[in-house]
Amino acid sequence: MANSYQIAVLGDKDSVLGFKALGLTVFPVDHVDEARHTLHRLAKEDYAVVYLTEQFAAQMEADIARYKDELTPAVILIPGKEGSLGLGMANIKKSVERAVGADIL
């Protein structure tokens, strides 16, 4: 039987709870250590995509880099309740530049 992959949203409670209404599994955390532990746990489970708030991602660069070249999970940065830090767009630019060989954005 094929795996049935899931999508997770990881971040502070106020930023992630709205995603529950969309049918996504939310993981509210209070501290960066809790976010790290949860990210690594989700990577071992059947989560193909993990949306992570930029506020936690800013403190978890090494943890995120660990999954950069892995098939799953894809770690996608999203703005938190405080707004965007620009990290998500910076990561997209890096990925496009790596794939295309130039900054086209």
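The values are calculated or read from the model by the stated rules, or taken from the named source; none is laboratory data. Treat the numbers as computed from the prediction; the structure is a model and nothing was measured. Accessible surface areas use protein heavy atoms only, side chains included; no ligands, DNA or RNA. Shrake-Rupley method; radii C 1.70, N 1.55, O 1.52, S 1.80 Å.
Calculated on the Cα set of segment 15-72, radius of gyration then Dmax: 11.3, 31 Å.
Can you send over the carbon and sulfur percentage of the accessible area for segment 1-66, probe radius 1.4 Å, protein chains only? C and S atoms contribute 52 percent here. Largest first, the residues Leu22, Leu77, Leu71 sort by 1.4 Å accessible area into Leu71, Leu22, Leu77. Rolling a 1.4 Å probe over the protein heavy atoms gives segment 12-72 an accessible area of 59 Å² per residue. The stretch between Asp14 and Thr72, if pulled fully straight at 0.36 nm per residue, gains 18.3 nm over its current Cα-Cα span. The largest accessible area among Ser4, Ser15 belongs to the first residue in Ser4, Ser15, and the rest follow in falling order (1.4 Å probe, all chains). Hydrodynamic estimate: the Kirkwood radius of segment 1-45 over Cα pairs, inserted into Stokes-Einstein at 37 °C and 0.692 mPa s, corresponds to D of 293 µm²/s.
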